[in-house]
1. Evaluate segment 74-85: report whether one residue or more is more than 16 Å from the chain's Cα centre (by Cα), modelled with pLDDT of 95 or more and farther than 14 Å from Tyr2 by Cβ.
2. Just to be sure before I move on: is Asp93 acidic (Asp, Glu) and on the phi > 0 side of the Ramachandran plot in the structure I sent?
3. List the strands (runs of 3 or more DSSP E) that sit entirely inside the chain and contain at least 1 residues that are of a type in the set (S, T, N, Q) and open to solvent by 50 Å² or more (accessible area, probe 1.4 Å).
4. Can you run down the residue pairs with Cβ atoms below 6 Å, 6 or more apart or on separate chains, where the first is in segment 4-24 and farther than 14 Å from Glu41 by Cβ and the partner is exposed (fewer than 13 other Cβ atoms within 10 Å of the Cβ)?
Amino acid sequence: MYVLDASAFIEQFETEESVASIPAVREELTDGAGYRYDAMEGAGMHVHIPEASVLDRVRRAADSTGDLDVLSETDVRLLAAAFELDATLVTDD
């Protein structure tokens with residue numbers, strides 16, 4: 001499974017594997033990329049909302065490595081989703 005960041009929709013990432021994303025990614029997309037998100041959701045893409053405990057775990061890990069200050073809330077949520085789903089994160093970040 002792949003968890004898709006906004007860049008995956010912008011760059012038209014394609015795979016035969018199952019895919020997921022988070023609601024915050026849709027909020028970042030406009031025009032064609034937004035339509036791609038909507039179409040993929042309609043075709044069965046899983047829209048995942050990470051558990052609060054996993055979000056906290058990701059924040060603690062990022063803080064311990066010094067990365068928390070450079071991660072957006074969307075980044076944290078994507079990392080948590082990838083962790084929960086045991087998936088590969090597709091991003092250009």
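The values are calculated or read from the model by the stated rules, or taken from the named source; none is laboratory data. Here the structure is a predicted model, which means the values were calculated and not measured. Neighbour counts are summed over all protein chains in view; Cβ atoms, including those assigned to glycine, are modelled from backbone coordinates with ideal geometry. What goes into the accessible areas is simple: the full protein's heavy atoms, side chains included, and nothing from ligands, DNA or RNA. Shrake-Rupley method; radii C 1.70, N 1.55, O 1.52, S 1.80 Å.
1. The answer is no, given that none of the residues of segment 74-85 is more than 16 Å from the chain's Cα centre (by Cα), modelled with pLDDT of 95 or more and farther than 14 Å from Tyr2 by Cβ.
2. no
3. 88-90
4. Within 6 Å, the pairs are Ser7/Asp92.
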